Structures are given as structure tokens and as C-alpha cells.
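What follows is a short report on a single structure.
Nothing in this text is a laboratory measurement; each read-out follows from the coordinates by a stated rule. Everything numeric in this text was worked out from a predicted model, so none of it was measured. For neighbour counting, all protein chains shown are included, and Cβ atoms are generated from backbone atoms with ideal geometry for every residue, glycine included.
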Amino acid sequence: MKTRTIKLCVQSTEAPEFIDITDQLHRCVEGSGVQNGFVVVFSKHTTAAIKINENEPLLLKDMARFLERIASRNGYYQHNDFSVRTVNMTEGECPNGHAHCQHLMLGASETIPIVEGLLHLGRWQKVFLVELDRPREREVILQIVGE
């Protein structure tokens, strides 16, 4: 049994943004030597998700509007009230309660089968890093396991 862990750095440019990382995943899996197993794709962030869906431009706009309806950027979030919040504050903290709430609906990881050395995705399935907060570099961890 082989296990390989790879870190991808992905730069976002806006929020929400659906960044298709499928080609990078294919290259990593092919280079791993694993023929049969799985890859876990994991975002190290609470405001950037990993999801599988279709990469169709109008659908991506629909999904962005859906996220805005679920947790509007302009809504009220106690997390954004810096006059009372005292936990997990960082220099340059920005109001991002909406991004955390949107993340609840999406999640941090996906697991994808590897069959005969290839990601075993459906015809229209692509893997996205979903930026929910603001432009920045994000880390995606791949853990490739199998024989």
C-alpha cells in the first residue's frame, strides 16, 4: 500500500470563485504510481471548500447566487462584530461570517476513487476549490492511497 501526500497552492482572485483543480489532480494521481485506491482532496481553510460539480459557466453563476441566498455577504454575523469578538482574531481580520456559514453547506473535502491509475470521475464531474472569502493563496492537501 502506497500513501503520498501533496500540497497544491491555489490562488483565488474573487469570492465566490469556483476554481477547477481537476487537471492538477489528474497529474498528481498519474505521477503517484497508484493504480487502484483513492485520493482525498482537502482544503486547509474554513472559508474555502472542496466540491465536485459540473464546470458550466451559467451553472457556476447559479451556484454563486445560491450561496449568496444561503448566507448573504451583507447579512449580520456576530463573528463580524469586532467590538465584542475576542477569539481567533488575527492582524488584518476581515468580516467573513458569511464565508464560514457558506462553508457549512459545502465542506472541506472530497474522496475520489482511482481506477487503473486515473481519477474515476463522471463525464461532467470536475473538482473545485471554492473560494468563499476573499482573494488569496489557498492550500489544498491531496492524500493519495492505494496500490
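Toward the positive end of the charge dipole of the stretch 105-147, with +1 on the Cβ of Lys and Arg and -1 on the Cβ of Asp and Glu, the farthest Cα among 142, 109, 128 is that of 128.
Charge dipole of the stretch 1-75 (Cα centre as origin; +1 on each Lys and Arg Cβ, -1 on each Asp and Glu Cβ, all else neutral): 380 debye, rounded to the nearest 20. For the stretch 96-141 and the stretch 1-58, what is the separation of their C-alpha centers, rounded to whole Å? Answer, in whole Å: 6. Per residue, the chain reaches -7500 deg cm²/dmol at 222 nm when only DSSP H runs of four or more residues are counted, each adding -39500 (n - 2.57).
Only one residue of 119, 70, 58 has its Cα farthest out toward the positive end of the dipole of the stretch 1-135, where Lys and Arg carry +1 and Asp and Glu -1 on Cβ, and that residue is 119. Under the classification rounded if a/c is under 1.5, otherwise prolate if a/b is larger than b/c and oblate if not, where does the stretch 64-114 fall, given a ≥ b ≥ c as square roots of the Cα gyration tensor eigenvalues? In terms of gyration-tensor shape, oblate. Could you size up the charge dipole of the chain around its Cα centre, putting +1 on the beta carbon of Lys and Arg and -1 on that of Asp and Glu, and report it in debye to the nearest 20? Value, rounded to 20: 160 debye. In nm, to one decimal, how far is the residue 23 label point from the residue 62 one, both placed 7 Å along Cα→Cβ? With each label point 7 Å from Cα toward Cβ, the separation is 2.5 nm. Close lysine pairs were tallied over the chain: pairs 8 or more places apart or on different chains with Cα atoms under 18 Å apart number 5. For the chain, a Gaussian network of Cα nodes joined below 10 Å ranks 54, 131, 93 by mean-square fluctuation, and the top entry is 93. Going by the alpha-carbon gyration tensor, a ≥ b ≥ c the square roots of its eigenvalues, is the stretch 106-147 rounded (a/c under 1.5) or, if a/c is not under 1.5, prolate (a/b greater than b/c) versus oblate? Verdict is prolate for the stretch 106-147. Put a plus charge on the Cβ of each Lys and Arg, a minus charge on the Cβ of each Asp and Glu, and nothing anywhere else: the dipole of the stretch 62-138 about its Cα centre is then about 220 debye.
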